[in-house]
Amino acid sequence: MKGKVLVIEDEAAISDLICMNLEVAGYETVPFFRGDEAAAELEQNGAYDIALLDVMLPGMDGFELLPFLQRQNIPVIFLTAKGDIASKVKGLKGGADDYIVKPFEMLELLVRMEKVLERTAKKEESIQIHGVTIYPDRHLVLKEGEEVVLKPMEFECLMMFVKYKNIALSREQILKGLWGVEFEGETRTVDVHVAQLRKKLDFGDVIKTIPKVGYRLEGEEI
């Protein structure tokens, strides 16, 4: 696959046409038809290589959705019928990588996508431990090549264990690291997150329980 593409377009016929052509060209596509639904997805999952974004969307328009994509470092191409100069300037100054006005030729879209991907490509740092690969910039976790979906706090908890590998962390330290000094939640919240990490990553023997203290992630592979 050339990459995973988020297609955010409210007209089903246009979305289907884009997805069909991109898949023929070797891309994986994930369509969304509402801006608010795409925003909810991005809060949970930033594992996309590029986004094709309409401006006029129900729920949340493309300009409002742009910051959600930027937080995940996903390059954006606007695909829109709004061809006026003011909209183009707003989109490009807002951080979009390109702006294509409908109607457009699929070949043009493919060429522009390739250019954006080439321009924004960077060598990703990854962390390897016990068969798990972590890409911190994209909040992406793979186990034996398959994506493991972690909730945001589960991911942050994993990264905290990785940062302090082989060091015993108390539940209070983990709470403070994840939620801040002022957090007054119960320590069992940590136990829930650890239980999910153990289950999803098969880390039952990797994240050790330290009696009367908390937890420790063990490993030499990081």
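Some observations on this one:
- Residue-wise HN-Hα coupling along segment 209-214, computed from phi with Karplus coefficients 6.51, -1.76, 1.60 (Hz; x: Gly, Pro): 7, 9, x, 6, 10, x
- [x] 18.7; [y] 13.9; [z] 20.5, with the label sought being that of the calculated mean projected area of the Cα convex hull in nm²: [y]
- Across Lys4/Lys199; Lys115/Lys165; Lys115/Lys199, pairs whose alpha-carbon gap is larger than 32 Å: Lys115/Lys165; Lys115/Lys199
- Between the amide H of Phe32 and those of Val7, Ile8, Glu9, distances stay under 5 Å, these residues lying 5 or more places away or on another chain, with hydrogens modeled in the peptide plane.
- Accessible surface of the chain [probe 1.4 Å, protein heavy atoms]: carbon and sulfur percent: 52
- Long-range HN-HN contacts of Tyr99 with modeled amide H, under 5 Å: Phe78
- Between Lys199 and Asn166, the simple spin-label model (points 7 angstrom out along Cα→Cβ) gives 3.1 nm.
- Probing with 1.4 Å while keeping every protein chain in the model, the per residue accessible area of the chain equals 53 Å².
- 5 angstrom amide H check on Met60, placed H, neighbours 5+ away: Gly35, Asp36
- Length-normalised contact order of the chain in % [C-alpha pairs under 8 Å, at least 6 apart]: 14
- Residues of type aspartates and glutamates that Lys176 reaches as a straight line, Cα spacing below 15 Å, ignoring anything fewer than 8 places off in the same chain: Glu154, Glu156, Glu184, Glu186, Asp191
The values are calculated or read from the model by the stated rules, or taken from the named source; none is laboratory data. Quick caveat, the model's predicted, so the values are computed rather than measured. No Cβ is skipped: glycine too gets one built from the backbone with ideal geometry, and neighbour counts run over all protein chains shown. SASA here: full protein model, heavy atoms, side chains in, ligands and nucleic acids out. Shrake-Rupley method; radii C 1.70, N 1.55, O 1.52, S 1.80 Å.
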